[in-house]
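Undergrad: Let me give you the structure first, and then I'll get to my questions.
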Amino acid sequence: MHEPVGTTKGPGESPHEYTFVTPDVEERVRHGEFVYYEAVVDGQVRQVVGRITDRRPLRTYPDVFMANPAVPPAHIAQMLGHGQGQHELFEITVRIIGYYDLGLKDFINPRLPPRAGRPIFLCDNDMLSQILSTRARGNPGSAWIGSLLSREPDAVPIVIDAGAFTSTHLAIIASTGAGKSYLAGVLIEELLKPYNRGCVLVIDPHGEYDTLQEMANRPEFQGEDGYRPEVRILRPQEVKVRISSLNVGDYRALLPNLTERQEYILRNALSALRRERGDKYGFDDLMLAVREQGYKPAEEMDEAAEEKPTKYADSVEAVLWRLDAVLRHSSSFNDYQQLPLQALYAPGRCTVLQLNEIDAREQQVIVATILRRLLQARVDAERGKTDERSEDYIPYPTFTLIEEAHHFAPASGEVVTTHILRQILAEGRKFGVAVGLISQRPGKLDADVLSQCMTQCILRIVNPVDQARVAESIESVGRDLLLELPALSKGQVIIAGSAVNTPVICRVRRRHTTHGAESKDAPAIWVQYASEGTRKRRERDHALPADLVQPPKSLRSLMLDDDE
């Protein structure tokens, strides 16, 4: 490793690039690999690290040597005495990262490219383990994701800063089947280990994360002081939102295409309710308050008098009908019940909120309500405006992981969750409210939301629109790495941003818990279902009793009599 692998040729196309020439006989100088040169900076010899971004052959066989595919060109060259004793040569382009400062724990670019003729060295495993990862594996605040892809498995562990992505937000972007949910499971496992004891809520629209319950009984998650993580799975029927916590924006989402007059009526009714009752009202109170917007009360002295309709009466009836259709029989919105924030968020606990049987609009309103309450609870806790007696008292930072994020912050048009997500991404860091967004369609994800996630995990992306959205929204990933996106295999991820010292391509480690989002093997299921043994057993299990298949004798005799 400490022998030179090449010799500097000259500067590259940009001020932060240089080229070197190498025979690369052992084929170690690959795309994405890390090399360094030595330079004197501030009186000290520094190892200036760079990442290989391009590889171009300089000396190749003449085209005529390859006219016959059955004859290797090397044999022809040997017979003709062409280039005997010479190896192939390659020109390698390197983008300078800088030398690693142990005091600052960051790279510093000396802005001093190597002179021509300087030797170039390949970084060894120990060096990369020290400079690529911001934390040591197993230490508080660390999250072991996997190992460096360009080296042997587990040779260079990639450990990212959990404190960084749980404060400045996270984005996991990938095409379907590339492994984004698997990576999310790895991150959750790391956050719930004894050295982190994270406070995590997972918004799970498809019911894929219930296998995380296995953490409680696995030795990897048990601490010497008796700690073991708690995993709570909240099924759709357990998700409750109090009607009094809904605002006009929530109703606008639940009752699409409200006219201006209908929204005005609803807004006035909610204002009147809150002045009179605060947050102590239910569905019937809301219906009554809306109705009062369309009818003047009868005269108190004249018992025979009737309520008089106002100019809003027709619109009021429309609002009442729509409220009744949406809320009266909803299993999610309730007069009295609501999920306390302390039931959703607690250190050492992962709560999975399953929304897979809930309407898409209701999912958005539920998530918006929880995030609004959470942000306000953290603001109040930081400013000393609440205490343990409140159900929304959250005196610690939280992390919320949102699957299918493009449904909650779409690029085209705003939904009720878009505004609160933008607010949390902009202001949440000050109050310890962080989110992680998972999406398979970054092209459909709001650009402002994506750009404010300071740590990015990007797996294989093939769609050109999605690639363009990633390129324009994420500045920390170099163009050379973005070109790798279509070529990444399942379980390979580019990690960039505040949680790592420099962008790296990582091989994701194996999960401790079972992955709950595996694709169905349809042909195997069809074969099993249609096999003769399975079919006969199914027919036997579903066979009707003989007395149901054939009527009793007395009934048959009556039937014969009727026929006669």
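The values are calculated or read from the model by the stated rules, or taken from the named source; none is laboratory data. The shown structure was predicted, so the numbers you read here are calculated from the model rather than taken from an experiment. Note that we place each Cβ from the backbone using ideal geometry, even for glycine, and neighbour counts take in every protein chain shown. Accessible surface areas use protein heavy atoms only, side chains included; no ligands, DNA or RNA. Shrake-Rupley method; radii C 1.70, N 1.55, O 1.52, S 1.80 Å.
Undergrad: Consider the range 376-400. How many of its residues are in contact with a helix residue (DSSP H, G or I) (Cβ under 6 Å, 6 or more places away or on another chain) and either closer than 30 Å to I173 by Cα or aliphatic (A, V, I, L, M) (or both)?
TA: First, pick out the residues of the range 376-400 that are in contact with a helix residue (DSSP H, G or I) (Cβ under 6 Å, 6 or more places away or on another chain): 377-379, 382, 386, 392, 394-395.
Then drop every residue that is not either closer than 30 Å to I173 by Cα or aliphatic (A, V, I, L, M) (or both), which leaves 377-379, 394.
Matching residues across the range 376-400 total 4.
Undergrad: Six or more apart or on different chains, Cβ under 8 Å: which pairs go from a residue in the range 127-140 that's part of a loop (DSSP other than H, G, I, E, B) to one that's loosely packed, with under 14 Cβ neighbours inside 10 Å? Could you list them?
TA: Hits for this filter: T134/K105.
Undergrad: Would you point out the residue of the range 396-421, among those that are small (G, A, S) and surrounded by 23 or more Cβ atoms within 10 Å (Cβ to Cβ), that is farthest from the chain's Cα centre (by Cα)? It would help to see each step written out before you state the result.
TA: Of the range 396-421, the ones small (G, A, S) are 405, 409, 411-413.
Still in the list and also surrounded by 23 or more Cβ atoms within 10 Å (Cβ to Cβ): 405, 409.
Working: A405: 7, A409: 13 Å.
Taking the candidates together, the pick is A409.
Undergrad: A further question on this structure: Within the range 422-440, can you find the residues that are closer than 17 Å to A411 by Cα and surrounded by fewer than 21 Cβ atoms within 10 Å (Cβ to Cβ)?
TA: Of everything in the range 422-440, those that are closer than 17 Å to A411 by Cα and surrounded by fewer than 21 Cβ atoms within 10 Å (Cβ to Cβ) turn out to be R422, Q423.
Undergrad: What tally of residues in the range 1-48 results from selecting those that are small (G, A, S), at negative phi and under 37 Å from the mean Cα position of the chain (by Cα)?
TA: So the answer is 2.
Undergrad: Also, I was wondering about something else. In the list A368, A381, which residue meets the criterion of being touching a Ser or Thr at 6+ places or on another chain (Cβ under 6 Å) and surrounded by 16 or more Cβ atoms within 10 Å (Cβ to Cβ)?
TA: Values: A381 fails: touching a Ser or Thr at 6+ places or on another chain (Cβ under 6 Å).
So the residue among A368, A381 that is touching a Ser or Thr at 6+ places or on another chain (Cβ under 6 Å) and surrounded by 16 or more Cβ atoms within 10 Å (Cβ to Cβ) is A368.
Undergrad: If you don't mind, another one. E230 versus (1) open to solvent by less than 20 Å² (accessible area, probe 1.4 Å); (2) in contact with a strand residue (DSSP E or B) (Cβ under 7 Å, 6 or more places away or on another chain): which is the lone unmet condition?
TA: (1)
Undergrad: If I go through the range 192-216 residue by residue, how many of them are within 21 Å of R429 (Cα to Cα) and either of a type in the set (G, A, S) or open to solvent by less than 10 Å² (accessible area, probe 1.4 Å) (or both)?
TA: So in the range 192-216, the residues within 21 Å of R429 (Cα to Cα) come out as 192, 196-203.
Restricting the remaining residues to those that are either of a type in the set (G, A, S) or open to solvent by less than 10 Å² (accessible area, probe 1.4 Å) (or both) gives 192, 198, 200-203.
Count: 6.
Undergrad: Please work out which one of (1) farther than 28 Å from N217 by Cβ; (2) within 18 Å of the chain's Cα centre (by Cα); (3) open to solvent by 10 Å² or more (accessible area, probe 1.4 Å); (4) at pLDDT 80 or above is the condition I494 fails and give its number.
TA: The failed condition is (3).
Undergrad: Here's a follow-up. Identify, from the list Q423, Q376, the residue that is free of Cβ contacts under 8 Å to residues at least 60 places away in the same chain and either within 22 Å of D204 (Cα to Cα) or among the acidic types (D, E) (or both).
TA: Being free of Cβ contacts under 8 Å to residues at least 60 places away in the same chain and either within 22 Å of D204 (Cα to Cα) or among the acidic types (D, E) (or both) holds for just one of Q423, Q376, which is Q423.
Undergrad: In the range 355-395, what count of residues is obtained for those that are within 21 Å of the chain's Cα centre (by Cα) and closer than 23 Å to R197 by Cβ?
TA: So the count comes out to 4.
Undergrad: Tally time: how many residues in the range 107-139 are over 21 Å from V500 (Cα atoms) and either of a type in the set (A, V, I, L, M) or touching a Gly at 6+ places or on another chain (Cβ under 7 Å) (or both)?
TA: First, the residues of the range 107-139 that are over 21 Å from V500 (Cα atoms): 111-121.
If we keep only those that are either of a type in the set (A, V, I, L, M) or touching a Gly at 6+ places or on another chain (Cβ under 7 Å) (or both) too, we end up with 112, 116, 120.
Within the range 107-139, residues that are over 21 Å from V500 (Cα atoms) and either of a type in the set (A, V, I, L, M) or touching a Gly at 6+ places or on another chain (Cβ under 7 Å) (or both) number 3.
Undergrad: Can you name the condition, by its number, that Y295 falls short on among (1) modelled with pLDDT of 90 or more; (2) touching a Ser or Thr at 6+ places or on another chain (Cβ under 7 Å)?
TA: All conditions pass for Y295, except number (1).
Undergrad: Okay, next question. Mind counting the residues in the range 29-51 that are open to solvent by 50 Å² or more (accessible area, probe 1.4 Å) and part of a loop (DSSP other than H, G, I, E, B)?
TA: Matching residues across the range 29-51 total 4.
Undergrad: Quickly run through the range 447-484 and pick out the residues that are more than 24 Å from D161 (Cα to Cα) and open to solvent by less than 10 Å² (accessible area, probe 1.4 Å).
TA: Residues satisfying the conditions are I461, D466.
Undergrad: For the range 242-249, does any single residue satisfy the condition of being among the small types (G, A, S), touching an Asp or Glu at 6+ places or on another chain (Cβ under 9 Å) and within 16 Å of Q338 (Cα to Cα)? Quick ask: steps written out before the conclusion?
TA: Let us first name the residues in the range 242-249 that are among the small types (G, A, S), namely 244-245, 249.
Adding the requirement that they be touching an Asp or Glu at 6+ places or on another chain (Cβ under 9 Å) leaves 244-245.
Pick out the ones that are also within 16 Å of Q338 (Cα to Cα) and you get 244-245.
Within the range 242-249, one or more residues are among the small types (G, A, S), touching an Asp or Glu at 6+ places or on another chain (Cβ under 9 Å) and within 16 Å of Q338 (Cα to Cα).
Undergrad: Looking at this structure, is I120 buried (at least 21 other Cβ atoms within 10 Å of the Cβ), within 23 Å of E26 (Cβ to Cβ) and touching a Ser or Thr at 6+ places or on another chain (Cβ under 8 Å)?
TA: Details: buried (at least 21 other Cβ atoms within 10 Å of the Cβ): yes; within 23 Å of E26 (Cβ to Cβ): yes; touching a Ser or Thr at 6+ places or on another chain (Cβ under 8 Å): yes.
Yes; evaluated as a whole, the condition is true for this residue.
Undergrad: Further question: For P205, state whether it is modelled with pLDDT of 95 or more and touching an Asp or Glu at 6+ places or on another chain (Cβ under 8 Å).
TA: Details: modelled with pLDDT of 95 or more: no; touching an Asp or Glu at 6+ places or on another chain (Cβ under 8 Å): yes.
Spelling it out, it is not the case that P205 is modelled with pLDDT of 95 or more and touching an Asp or Glu at 6+ places or on another chain (Cβ under 8 Å).
Undergrad: Pick from the range 1-28 the residues that are of a type in the set (G, A, S) and surrounded by 15 or more Cβ atoms within 10 Å (Cβ to Cβ): which of them is farthest from D124 (Cα to Cα)?
TA: First pass over the range 1-28, keeping only residues of a type in the set (G, A, S): 6, 10, 12, 14.
From what is left, the residues that are surrounded by 15 or more Cβ atoms within 10 Å (Cβ to Cβ) are 6, 12.
Details: G6: 15, G12: 24 Å.
Per the criteria, the residue is G12.
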